[in-house]
Each structure stands twice: as structure tokens, then as C-alpha cells.
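The values are calculated or read from the model by the stated rules, or taken from the named source; none is laboratory data. For clarity, every value in this text was computed on a predicted model and none was experimentally measured. When we count neighbours, we look across all protein chains shown, and the Cβ atoms used for this are built from the backbone with ideal geometry, even at glycine. When the accessible area is computed, the model is the full protein with side chains, heavy atoms only, and any ligands, DNA or RNA have been set aside. Shrake-Rupley method; radii C 1.70, N 1.55, O 1.52, S 1.80 Å.
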Amino acid sequence: MKEVAFIRQNIDKWRGTEVLLKTLSTRTPDELADAYVEVTSDLAFSQSHYPRSRITLYLNGLASSLHQAIYRNRRERWTRIITFWSREVPATMWRERRCLLASFLIFAISMAIGAVSQWHDTEFARLIMGDGYVDMTLENIRNGTPMAVYNGGEELPMFFGITINNIYVSFLVFAGGVLTSFMTGYLLMQNGIMLGAFQAFLFQHGIYAESLLAVWLHGMLEISAIIVAGAGGLAIGNGWLFPGTYPRMTSFRMGARRGLKIVVGTVPLFIVAGFIESFFTRHTEWNDMLRLAVILCSLTFIVWYYIYLPRKRRIKE
């Protein structure tokens, strides 16, 4: 790569690092560490290809400044638990916003595939969800309680079981990135097809508004968290597949750190979603407007936290 092309490709990132060094009081240790890894990787590339260039001297100075800043601020504060969710996760989501969009599109398209497949083949749901689940749902529909699947046990044990399972699924989607982004994409597609087929199955049996309200009462947070976890998996997979100017293992480690931060940030969503599913979704007799309000509040929070807040913080910085 020619020196001019190298500079043009990375100049905005280096300018961002200069801004970071001027605003150390508002930065987290992880932000400094990520910037240090990136700058030292660029420095190593520059030293190998342009050893006598001014850009090498510039990057060496930038790396030295970051090194000093890291060791001057290496002690963690208890407030890290607050800044993790208020600053670090939004900052990472902004950086991986393309992965979030890709994850959403994969899931949405897969839902459409599942719904269309079920609409054209009424036995498709059995292939995806199994005969036992389908037969149980049909029995519930005949009994006039189509959403009785959410009333299958005591609230507290159900809450722990659902929450642990949802967190497991999210980490599985994330871990799929280790096997390249395609595995994460496959797991997102699998979950999307299942949800689309289930919704179409209920629609075919005349369960319209009730199915939407019951499924999305907890599903708005639960499904959104899976999509966000998918963004984390794509981040780690892309770090492995597309290292850019970094050594492949360095790029992989950087992607893994960002991806893990994203997926850990979804844990509170799964806890709240599990609580809603265990304690509230079973109450299908509740007012429809109340349940719709909960769904809209959940959607508003997702858009605010994962789209609006990252963009707002980016603009301020």
C-alpha cells in the first residue's frame, strides 16, 4: 500500500485519537486500550513500510501519549459499572452500527421467509417447531386459550428458566462469530424463521391481535436483544475475516472485545424480558391498550438506547 493511501485510509481515526487524548477525563479505560491497540498496529505497519517517513514519527508520538494516559489512569473506579452501560456500550454500538443493521436485516428477512413458508405450507411449523409444540398450541386454541403456553408453570421458576435460556441463546449467537460471521448469521436466520412461522401459524388459525400482543409483550425486548447479540457476533466474525491493515489475530481480539461488550450489555434486557414473560404475558385478560403501551415503551427504549444515544454521544464527541 502506498503511503498516501495508508494515510488517507486512517487519518480520520488518528484525528479521533487526538480528540480522545484531549478529553481523557470523560473516557473509559477500554476506549484508551482500544485506541492504543489500533495506533500501535498502524505504527508497526508504518515502521515496516515507511521507516523514515514523518507519519511513522507521528504515530510513534501518538502511541507514546496513549501509553502514558493508560498507565496514568489504569486504576478502575467503582463508577465503571455505570459508565459501562451509559458510555461504553453506546460507543461500541455506534462503532458496530453496520453490524447491528446487518443483524436486523438478517432476522427480519428470515421472519418473512418463515411466515411466507408457513402460509404456503401449513405443515411447515411442524418442521420448525416440532409436532409436540404444534399439537399443544392447537389444543390450546380449541380450548379457547391460545396463549396458554405462557401459563405453564409457577412464575418464579419460569422466570429463572426463561432468563437463563435467553442469555444462553444470545451468547450462542455471539459465540458463532468465532466460527466466522456466517455462523452468527445462520443462528439469527434460524430464530427469525421460527418466529415468523409461529406468528403465521397463529394467524392461520384466526389468532390475530392476541398473538401479536402476547408474543411481543416480552418479545420486543427479547428479540431486540438477540438481534443486538447478533451484532456482537458479526463484530467478532468480521474482525477475523476482514482484518484490514491489522494482523489477523490483533483484529480478531479487538472485534472480540467489542462483541463481548455488546452481548454483556444485553443481559439486563433478557432479565426484564424474562420477568415480563413469566409474570405478565400469561395475563391475556389484561386491557389490550395497557399491553400495547408496554410494547411501545419497550420499542422506544430499544430505539433510544441502541440507535439514538450512540449517535448523540458520537456527535457530542
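Here are a few things to note about the model shown:
- Protein heavy-atom accessible surface, 1.4 Å probe, per residue over segment 217-298: 38 Å².
- Most to least accessible of 88, 155, 285, 222 (protein chains only, probe 1.4 Å): 285, 155, 222, 88
- Largest-first ordering by accessible area, 1.4 Å probe, given options 24, 59: 24, 59
- Charges were assigned to the Cβ only: +1 to each Lys and Arg, -1 to each Asp and Glu. The resulting dipole of segment 200-296 about its Cα centre is roughly 740 debye.
- Taking 180, 300 and ordering them by how much accessible surface each has at a 1.4 Å probe, largest first, produces 300, 180.
- Distance from segment 116-161 to segment 32-70 (C-alpha centre basis), Å: 57 Å
- Per-q log10 I(q)/I(0), segment 166-317, q = 0.15, 0.19, 0.21 Å⁻¹ (Debye; single scatterer per alpha-carbon; no solvent): -0.85, -1.15, -1.27
- Listed options for mean projected area of the Cα convex hull in nm² are (i) 18.7; (ii) 27.2; (iii) 16.9. The value calculated from this structure is the one marked (i).
- Local net charge near residue 105, Cβ-Cβ under 14 Å (Lys/Arg +1, Asp/Glu -1): +2
- Ranked packing of 10-19, 200-209, most packed first, by mean Cβ within 10 Å: 200-209, 10-19
- Structural descriptor for the chain: relative contact order 23 percent, calculated from alpha carbon pairs under 8 angstrom and at least 6 residues apart.
- Normalised per residue, the accessible area of segment 1-150 is 60 Å², obtained with a 1.4 Å probe and no contribution from ligands, DNA or RNA.
- Most to least packed among 158-166, 45-53 [average Cβ atoms within 10 Å]: 158-166, 45-53
- With every protein chain in place, the chain: carbon and sulfur % of accessible area (1.4 Å): 64 percent
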